[in-house]
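Provided herewith is a single structure, encoded as structure tokens, for subsequent inquiry.
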Amino acid sequence: MAKDTSGGPNHVAIIMDGNGRWAQMRNRPRLFGHHAGARRVREIVEACPGEGVKYLTIFAFSTENWKRTQAEVAGLMKLFRRYIQREARDLLANGVRVRFIGDRVRLDDKLVRLMDELELLTSQNDRVHLTVAINYGGRDEVTRAARRLAYDVAADKLSPADVGDETLPKYLDTYFLPDPDLVIRTSGEARISNFLLWQSAYAEYEFIDTLWPDFTPDVFAKVLTSFKARDRRFGAVKV
Ligand code: IPE
Ligand code: IPE
Ligand code: MG
């Protein structure tokens, strides 16, 4: 019998945190934790349809993560490239549409090419929409959006009087996404770290102690169950 997914979130966003500590606890290098974390992604993506989750957005690398050692940054970039190369075929076959958000300008050409190719390859899929945030920062995204909006105004494509609630979201990297209903952060840290600042205005937050490499589909299912018990009011009063 299919699981009852009514009242569940349509869009879940995850701050995948704790890979480094997971590795440290095993006396292994931080990259070992990143590799373990990457393996979890597939299981969580695959769990989405059964849980009624249509959109999954994951934070893989922030605009602040460049502050890490050169070795860790290079290892992560290599991991992203290899991940795309290895997973592309299964993502396509499993009906996953993949898109990337974040500023691509600072990413190396080879990675950007793989990202573009995967987006194109999976563009007809509709079973699950997976969005991966790489070199993503909420402030950077809003700044880039404001800049493009300003160019459109300067080019007379848009009048300042027409800038309303609906305008800025069209310029954000996430223009194709509904707002997240639920944002999960693993590893016990209770902060946003610059993730989906605009989009999460009315998201529910779940901060859990589990480190990302230990985030199994069972843990995911429990978090989704607790979401259903929440009362979302969006500023109104229930009568
Ligand atoms: C999250 O794990 C992955 C990235 C930020 C790339 P961390 O690398 O932040 O792991 P901790 O927080 O140091 O344990
Ligand atoms: C947030 O985790 C970014 C990602 C999960 C990609 P960080 O580990 O970089 O965040 P801080 O430094 O704890 O705020
Ligand atoms: Mg961290």
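Nothing in this text is a laboratory measurement; each read-out follows from the coordinates by a stated rule. Please read all numbers here as calculations on a predicted model, not as lab measurements. Quick reminder, even Gly has a Cβ in these numbers, built from the backbone with ideal geometry, and neighbours come from all protein chains shown.
What ranking do 202, 171, 55, 136 get, fewest neighbouring Cβ atoms within 10 angstrom at the top?
So the residues, fewest neighbours to most, are 202, 171, 55, 136.
Oh, and also: If packing is taken as the mean number of other Cβ atoms within 10 Å per residue, what is the order of 25-36, 203-214, 64-75, 150-161, highest first?
Highest mean packing first, the order is 203-214, 25-36, 64-75, 150-161.
Would you list which aspartates and glutamates come within 13 Å of residue 3, measuring only between C-alpha atoms, while excluding same-chain residues fewer than 8 positions from it?
Partners found: 51.
If you take all C-alpha pairs in segment 123-184, what percent of them are over 17 Å apart?
Counting every Cα pair in segment 123-184, those more than 17 Å apart make up 51 percent.
Further question on the same structure: Could you point to the residue in 61, 92, 74 farthest towards the positive end of segment 32-94's charge dipole, with +1 and -1 charges on the Cβ of Lys/Arg and Asp/Glu respectively?
74
Would you mind telling me which residue in 103, 165, 181 has the biggest mean-square fluctuation in a Gaussian network model of the chain, where springs connect alpha carbons within a distance under 10 angstrom?
Looking only at 103, 165, 181, the biggest GNM fluctuation is shown by 165.
Mean separation of Cα pairs under 8 Å and 6+ residues apart, divided by the residue count of segment 1-154: what relative contact order is that in percent?
Reported relative contact order: 27 percent.
Taking the C-alpha atoms of segment 1-46, how large are the radius of gyration and the largest Cα-Cα span, Dmax, in Å?
Radius of gyration, then largest Cα-Cα span, for segment 1-46: 14.8, 43 Å.
Please report, largest first and rounded to whole Å, the three semi-axes of the ellipsoid equivalent to the chain, where each semi-axis is the square root of five times an eigenvalue of the C-alpha gyration tensor.
In descending order the semi-axes read 27, 25, 18 Å.
If you don't mind, another one. First obtain the Kirkwood hydrodynamic radius of segment 1-96 from its Cα pairs, then insert it into the Stokes-Einstein equation at 25 °C and 0.890 mPa s, and state the resulting D in µm² per second as a whole number.
163
Suppose we keep just the alpha-carbon trace of segment 136-239; what are its Rg and Dmax in angstrom?
17.5, 52
Students often forget the sequence filter, so: which lysines lie under 24 Å Cα-Cα from residue 170 once same-chain residues fewer than 8 apart are removed?
Straight-line reach from residue 170, under 24 Å: 54, 157.
Classify segment 56-97 as rounded, prolate or oblate from the Cα gyration tensor: take a ≥ b ≥ c as the square roots of its eigenvalues, call it rounded if a/c is under 1.5, otherwise prolate when a/b beats b/c and oblate if not.
It is oblate, given that a/c is not under 1.5 and a/b is not larger than b/c.
Percent of alpha carbon pairs in segment 76-184 separated by more than 18 Å?
The calculated P(r) of segment 76-184 puts 57 percent of pairs beyond 18 Å.
Counting helices only, and only those DSSP H runs with n ≥ 4, report the 222 nm mean residue ellipticity of the chain as the sum of -39,500 (n - 2.57) divided by its residues, in deg cm²/dmol to the nearest 500.
-13500 deg cm²/dmol
Most fluctuating residue of 200, 226, 187 in a GNM of the chain with Cα springs under 10 Å: which is it?
Comparing 200, 226, 187 in the GNM, the peak value goes to 226.
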